[in-house]
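Undergrad: Got a structure here, written out as C-alpha cells. Questions coming.
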Amino acid sequence: MKDSPIYEDVSHLLKRSSVIFLVVEILFIFVAFYYWKIQILDYRKYWALSEANRTREAVLPAPRAVLMDRSGSVVLANSVASFKASIIRENSKNFDESCRKISRLLGLDEAVIKQRVDKYKSLPLFKPIVVKDNLTLEEVSRIEGRKMELPELVIETEPKRFYPFTTLAAHVIGCVQELTTDELRTTFKDRKLGDMAGKTGVESSYESRLAGVDGKIIEVVDSLGRKRDELDRIEPQQSPKLTLTLDYDIQAKAEELLTGKEGAIVVLEAKTGGVLALASFPTYDPNKFVNRFTPEEWMALANNPDNPLLNRAIQGQYSPGSIFKLAMASGALDSGAIVDQTTFFCGGSIQIYGRSFRCWFEPGHGPLNLYEALQKSCNIYFYNLGRRMNIDTIARYAEELGLGKRTGIDIPGEKEGLVPSTEWKKKTQKAAWYPGETISVAIGQGPLQVTPLQVAAMTALIANRGARVCPHILREGQGPTGNVKIAPAIFEKVIEGMWRSANMGGTGQGARVDKFDVCSKTGSTQIIGRETAERLGTQKKTHSWFTGFAPRNNPQVVVTVLVEFGGLGGVTAAPMAGQIFQLYKNKFYDRQSSSPGN
Amino acid sequence: MIDRVHLREIDWVLIGLLLVNSVIGILLIYSASRYQPGNFYVRQVIWLLVSLAVLFLALSIDYKILIGFSPYVYVLFILVLGGLLFFGKGIGGARSWIRVTIFGGQPSELAKVALILVLARIFSEFRRTHLSLDFAALSAVVVFVPVAMVGLQPDLGTAISFLSILFGCLVLAGMNKKVLAILLVGTILVSFTGWNFFLKDYQKKRLTTLVNPSQDPRGSGYHILQSKIAIGSGGVAGKGFKKGTQSQLRFLPARHTDFIFSVLGEEFGFLGVFIVFLSYFFFLARLFRSVDKSRDRSGIYIVFMTTCLLTFQFLVNVMMIVGLFPITGIPIPLLSYGGSSLLTTYLAVGLVVNVKMRRFVNV
C-alpha cells in the first residue's frame, strides 16, 4: 500500500490535544483530592458507617427469676422458651404486600400488624418488630417453610414467663406485660420497646430483682441482614430465685375454699407478718397476659362485673362489722372506759340518744361482762362502750391497731380503708360529728372501712400482745416492727374473749380446732338495712367476716376470711377459717410439737 | 504484511501498562466476586488472553486497511444494534447483551471501535484548520444513530461513551467556540427532552439521587452512599485484600463491574487508590503522548479518539462512585469485569499501537 507522508502542518491538532490533556491532568488532581478528602479527612465518619452497616446488636433477653413458695420446692413462676414472629421492615420490598402475606400466614388482622409496626416506627429499620408471640410449633414450621419468600418475617426465641399453677396466687404473684410507650418514658427509662415488665403483685414490686440482665450478641450481617458471623456474645443473666413466704398448700386450700364465692382469705405468720396465703376470688390466669396480643381477654376481665382483677385482700374495702369490737375492747380497757368485769345488760335493743339500737340476737343476751360480750358478739355491750368513748378516742385506738392506713405489704395497690373522726367529717362533709354516729361505729358499721389484710395485721398485733408486724411476701426475715402503746395485759383480756368465742360456744366456734386453741372474732357486716333484709326474707345480705389466730399462747398463725354476701360470719367464714387452722396445725404445728426438744 | 521494522516499533511500554492495569483489575474482580457463582476472575483471565491475541492479530493489519473497511463494519454494527432492539435478551434491565458462545458479548462495546475507525476515515480527508458545518453534521449523524439505538436499549452509559468519541474528534478538528456553545445548549435541550420523553424512571431516579443520596437510602442513592462508605472506610491503607466488609458482605452493588474501584478504595485505602491513579494516569498520558506519533491525519484521529474514550470512561467512573457524577453504568476500562469491554479496550489500544508502529513511511 502506498502511503503519502504528512507534509502539511498538523501542529494545531497537537496543540488541541495537549489542551485536552491539560484538562485531564487537572481533573485527575481534582479527583485525587476528592478521594483524599473522603478517605483521609472523613475516614472516621465512613468507618463508623461501615461498622454500623456490618454489625448488628441483637438482644438476648434474660429469663426472669424463678419464684418459689416458702418451702423452696414448689415453683410458682418460672421462664420457658417461646417463639415469636417478627417483621424486619428493612427486608421488605413492599410493606403493604408483606403485611398482606403475613396476615394470611399467621391469621392476623392486617390492621393489627400495621398498628403494631406503627407503634415501633422509631426503631431502626433492621430491628425486628414482634407481630405475634407464643407461636405454636405448627406456626413455626409454617413460617420456616416460607423463609425464602418472606425474608422480612423472622422467628426469634425468647424466655417467657410461665405460671405452672395458673390461677394460684395470681393476685400476689401478679403478671408481666409489655411496657407501654408511656411507661418507657417515665418509670422504665432504661428499658426498650417490646420489653416485658411486672405489672402487678410481686412481679411489679420486685421487678428489679426479677428482671435479670439482658445479654447481647454483636453479629456481622450482610446487606440482606443475614447473620454471617458472631463478633461478641454476652450471655443474659438470670437473677437468683426469690423465695416467697407463701405456702403452696395453704394458698391452694384458701383458694379452694373461696371457689364459687367472692371474697378474700389472708393467712399470716403471727410473729413475722409473713404472708402464708393471700387469696382473692374470683381470680384469673396470669399466663394469658404474658404475651403482647390479648386486648380482648384483658378487656373482658377488666369489664367483668365480678372484677377478678381486684385483689380483694388488699384493695377491697369493707365495713369491719363486729370484727371492730376487738379494737373497741382494747381501746375501752386501755382508756379506762371499762374494766373487764364491767357488766351491761342486753335486752335485745337499747335506746340511745332517743334512737333504738338493736342487738343481732333479738331475745337479748342478758347481763354480760367484756369476755361474754366478745364471746357472743353482743352489740348492746359495745353500744354502751360507744356511749362512754368519743369518736376521736375510738379512731386513735383503731389507728394504733393499724386500721385506716396501709399495712405496707410489699405488693402494689394496697388501699387505706377509712377510720372516721370528727376532723374527717369536718373535712369531707363540712359537718359536725353526731354522737349517734359513734354508736354505729362502735359495732363496726358507719363510715368505717377496712381491708382484710388490715384486719389480719391487727389480729397478729393482738396475738403478739402488742407487737406490730408488717405483712410481707418476700421470705427475708422481717420480725415485729415495733410495739403499740397498749399494755400486753389488755390484749390478754381481749384474747380471753376471743378464745371463748371459738371454744365456748361463741360465734367463732366453727373455727375451733382440737388442741390448737384458736382465738377468734367473727363479723357480719350489714350491707342493707335490717328492715330491707327482713322484707326480702334473707339474712344473706351481709358480708361474712372471720379473723383469728392460734394457738392462744405462742401464737403462730393468723387467719382472716371475708366472704362477700356470705351471710353470718359464724356460719360461713368461721368454718372456712377452721379448715385452714386445721391444715396449718397438721402441716406445721404437730410436726413442731412432736419433734424432740420443742 | 507485518514488517520487522514495524515489530521493532511496537510500543511495548503501552502494552505493558495495558497489562499492568488489567492484572490489577483481575485481582480486584477476584476479591469482589470469588464468593459468588460465576467464576468471574477466571473468565476475565481468559478474556485477557483472547484480547491480547486479538490485539496482536490486529497489529498485523495496517490500520489504513481497517479504515478502508470501516464503513461496512459500521453498517454491520448498526444492523446488529437495530436487531438487538427487537430481539435482544435483557440482562440487568438492558437489552445490550447477546449470547455469542459461552461468553456473553456486548456488541455496543465493540461498536466503539467501529465508530473510531469510521470517524477517522471521515476526518482523514478534512484538511481545514477549523471545523466546518458539513463535517460536523456528518460526524454527528454517524454517532447519533448508534447513540439512539444503544440509549433505547436502554444502556445510557455506553451511549454517553459514544458521545465522548464524537467530542474527541470534533475538538481535534477545531470546533468553533460558537459551535461548542451551540452543542452545549443542544445537549441541555436534548437532556431536557430526553428527561421528559425518553428516560426511563430508573434512569431519572439515578440522576435525581446524585443531588441528594440520603433522600432514598434503599434506592439509587443507596448505591452511591454504600460506595462512599466503602471508599471512605478504607482510610489510608485499606482493610486488606479480600477483607472489605462493604464489598464482602455485599453492601456494595455491582462490585465486580461498575463499582470495582470502590472495592479498591475499601481494601487498599488511599494508597491503593493513589497507585492505581498513577498507573492509570501513566497509561492515559502515554496515549496522549502518542498523538504526534502518527504518519498521517487519520492516525492522529484514531489515537486521540481512543484516548478521549478511555479517559472519559475512567474519570466518569471514579467520579460516579463517589457521587461527583450521576450513576450511568459506565465501567472502568481494564479494571471492571466484562469481556466485551476488555476486548474493545485492547482493540482500541491496539489501533494506537498499530498507528505508532507504522509511523515511519520510508521503510
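The values are calculated or read from the model by the stated rules, or taken from the named source; none is laboratory data. In this text, all values refer to a predicted model and were calculated from it rather than measured experimentally. Neighbour counts are summed over all protein chains in view; Cβ atoms, including those assigned to glycine, are modelled from backbone coordinates with ideal geometry. The protein model used for the area step is the full one, side chains on, heavy atoms only, and it has no ligands, DNA or RNA in it. Shrake-Rupley method; radii C 1.70, N 1.55, O 1.52, S 1.80 Å.
Undergrad: In cubic angstrom, how much convex hull volume per residue do the alpha carbon atoms of the range A:414-534 span?
TA: Spread over its residues, the Cα hull of the range A:414-534 gives 181 Å³ apiece.
Undergrad: Follow-up question, since we're still on this one. For the full complex of protein chains and a 1.4 angstrom probe, list A:I40, B:I260 by accessible area with the highest value first.
TA: A:I40, B:I260
Undergrad: Taking the Kirkwood radius as the inverse of the mean 1/r across Cα pairs, report the Rg/Rh of the range A:1-109.
TA: Over the Cα atoms of the range A:1-109, Rg/Rh equals 1.49.
Undergrad: Which of the helices in chain A, when you take each full DSSP H run, stretch at least 18 Å along the axis at their Cα atoms and have an average Kyte-Doolittle score of 0.0 or higher?
TA: Correct list, ordered by number: A:11-36.
Undergrad: While we're here: Leaving out ligands, DNA and RNA, and with a 1.4 Å probe, what % of the accessible surface on the range B:4-357 is carbon or sulfur?
TA: The nonpolar share, carbon plus sulfur, comes to 72 percent.
Undergrad: Near the amide H of A:H472, under 5 Å away, which other amide H atoms are found, from residues 5 or more places off or on another chain, if H is placed in the peptide plane?
TA: Result for A:H472 returns A:G274, A:V275.
Undergrad: Rounded to the nearest Å, what's the spacing between the alpha carbon centres of the range A:146-179 and the range A:310-379? Just the number, please.
TA: 52
Undergrad: Over the range A:248-592, what per residue volume does the convex hull of the Cα atoms give, in whole Å³?
TA: Once divided by residue count, the hull of the range A:248-592 is 145 Å³.
Undergrad: Threshold 20 Å², probe 1.4 Å: give the residues of the range A:224-244, in number order, that are less accessible with all protein chains present than with their chain alone.
TA: Those residues are A:R228.
Undergrad: For A:P551, what charge total do you get from the other residues with a beta carbon under 11 Å from its beta carbon, if Lys and Arg give +1 and Asp and Glu give -1? Walk me through the intermediate numbers first.
TA: Values: positive: A:K515, A:R552, A:K585; negative: A:D517.
So the environment of A:P551 carries a net charge of +2.
Undergrad: Inside 10 Å of the C-beta atoms of B:223-232, what's the mean count of C-beta atoms belonging to other chains?
TA: Mean shielding by partner chains, rounded to a whole number: 5.
Undergrad: Please sort A:444-451, A:321-328 by packing, taking for each peptide the average over its residues of neighbouring beta carbons within 10 angstrom, highest first.
TA: A:321-328, A:444-451
Undergrad: Also, quick follow-up: If amide H atoms are built 1.01 Å from N in the plane of the peptide, which residues on other chains or at least 5 residues away come under 5 Å of the amide H of B:Y337?
TA: Here B:T257 satisfy the definition.
Undergrad: Let me ask another. Once you average over the residues of B:284-296, how many Cβ atoms of partner chains fall within 10 Å of each Cβ?
TA: Values: counts 4, 4, 0, 1, 7, 3, 1, 8, 6, 0, 3, 4, 6.
Mean number of neighbouring Cβ atoms from other chains: 4.
Undergrad: Where does the range A:183-283 land on Rg(C-alpha)/(2.2 N^0.38 Å)?
TA: My calculation over the Cα atoms of the range A:183-283 gives 1.65.
Undergrad: Also, I was wondering about something else. List every residue whose amide H lies under 5 Å from the amide H of A:C346, counting only residues 5 or more places away in sequence or on a different chain, with H placed 1.01 Å from N in the peptide plane.
TA: A:H365, A:G366, A:L368
Undergrad: With an 8 Å cut-off on Cα pairs and a minimum separation of 6 or more residues, tell me the relative contact order of chain A in percent.
TA: So the answer I get is 13 percent.
Undergrad: Taking the Cα centre of chain A as the origin, how large is its charge dipole in debye, to the nearest 20, when only Lys and Arg (+1) and Asp and Glu (-1) carry charge on their Cβ atoms?
TA: Approximately 1140 debye in magnitude.
Undergrad: Grab the other residues whose beta carbon is less than 11 angstrom from that of B:R286, score K and R as +1, D and E as -1, and report the net.
TA: Numbers: positive: B:R289, B:K293, B:K356; negative: B:D11.
Summing Lys and Arg as +1 and Asp and Glu as -1 gives +2.
Undergrad: Counting protein heavy atoms only and a 1.4 angstrom probe, how many square angstrom of accessible surface do chains A and B bury in total, to the nearest 100?
TA: 4400
Undergrad: Now for a separate question. What fraction of the Cα pairs in the protein assembly as shown, stated in percent, has a spacing above 49 angstrom?
TA: 51
Undergrad: Still on this structure: Run the 1.4 Å probe and let me know the accessible area of B:L138, rounded to the nearest 10 Å².
TA: 80
Undergrad: What is the distance in Å between the Cα centroid of the range B:251-295 and that of the range A:89-140?
TA: Measuring centre to centre over Cα atoms gives 46 Å.
Undergrad: Further question on the same structure: Percent relative contact order of the range B:4-357, based on C-alpha pairs within less than 8 angstrom and at least six residues apart?
TA: So the answer I get is 29 percent.
Undergrad: Mind checking which of B:L342, B:V318, B:T307 is farthest towards the positive end of the range B:282-363's charge dipole, using Cβ charges of +1 (Lys, Arg) and -1 (Asp, Glu) about the Cα centre?
TA: Of the listed residues, the answer is B:T307.
Undergrad: Two decimals, Cα atoms only, Kirkwood Rh: what is Rg/Rh over the range B:4-357?
TA: 0.96
Undergrad: Can you work out ³J(HN,Hα) from phi for every residue in the range B:263-279, in order, using Karplus 6.51 cos²θ - 1.76 cosθ + 1.60 and θ = phi - 60°, giving whole Hz and x for Gly and Pro?
TA: 4, 4, x, 6, 8, 10, x, 5, 4, x, 4, 5, 5, 5, 3, 5, 5
Undergrad: If I ignore ligands, DNA and RNA and count only protein heavy atoms, how much of A:V441 is accessible to a 1.4 Å probe, in Å² to the nearest 10?
TA: The accessible area comes out at roughly 0 Å².
Undergrad: So, counting K/R as plus one and D/E as minus one, what does the shell of residues with Cβ under 15 Å around A:A460 add up to?
TA: Cβ neighbours under 15 Å give a net charge of +3.
Undergrad: Can you give the helix-only mean residue ellipticity at 222 nm for chain A, where every DSSP H stretch with n ≥ 4 adds -39500 (n - 2.57) and the sum goes over all residues, rounded to the nearest 500 deg cm²/dmol? All intermediate terms of the calculation are to be shown ahead of the outcome.
TA: Details: 23 runs with 216 residues, N = 598.
Mean residue ellipticity, 222 nm, calculated: -10500 deg cm²/dmol.
Undergrad: How much accessible area per residue does the protein assembly as shown have, counting only protein heavy atoms and a probe of 1.4 Å, in square angstrom? Before the final figure, lay out the partial values.
TA: Details: 41150 Å² over 961 residues.
Computed with neighbouring chains in place, this is 43 Å² per residue.
Undergrad: Over all distinct alpha-carbon pairs, what is the Kirkwood Rh of the range A:161-220 in angstrom?
TA: It is 12.8 Å.
Undergrad: Any idea what diffusion coefficient the range A:363-477 gets from Stokes-Einstein, in µm²/s, Kirkwood Rh on alpha carbon pairs, 37 °C, 0.692 mPa s?
TA: D, rounded to a whole number, is 209 µm²/s.
Undergrad: Could I ask something else about it? Do you know the relative contact order of the range A:354-476, to the nearest whole percent, from alpha carbon pairs under 8 angstrom that are 6+ apart?
TA: So the answer I get is 26 percent.
Undergrad: Give me the percent of the accessible area of chain A that comes from carbon and sulfur atoms, probe 1.4 Å, all protein chains in place.
TA: On the way: 14080 of 26430 Å².
Roughly 53 percent, rounded to a whole number.
Undergrad: With all protein chains present and a 1.4 Å probe, how do A:W424, A:W298, A:W360 order by accessible area, largest first?
TA: Final ranking, largest accessible area leading: A:W360, A:W298, A:W424.
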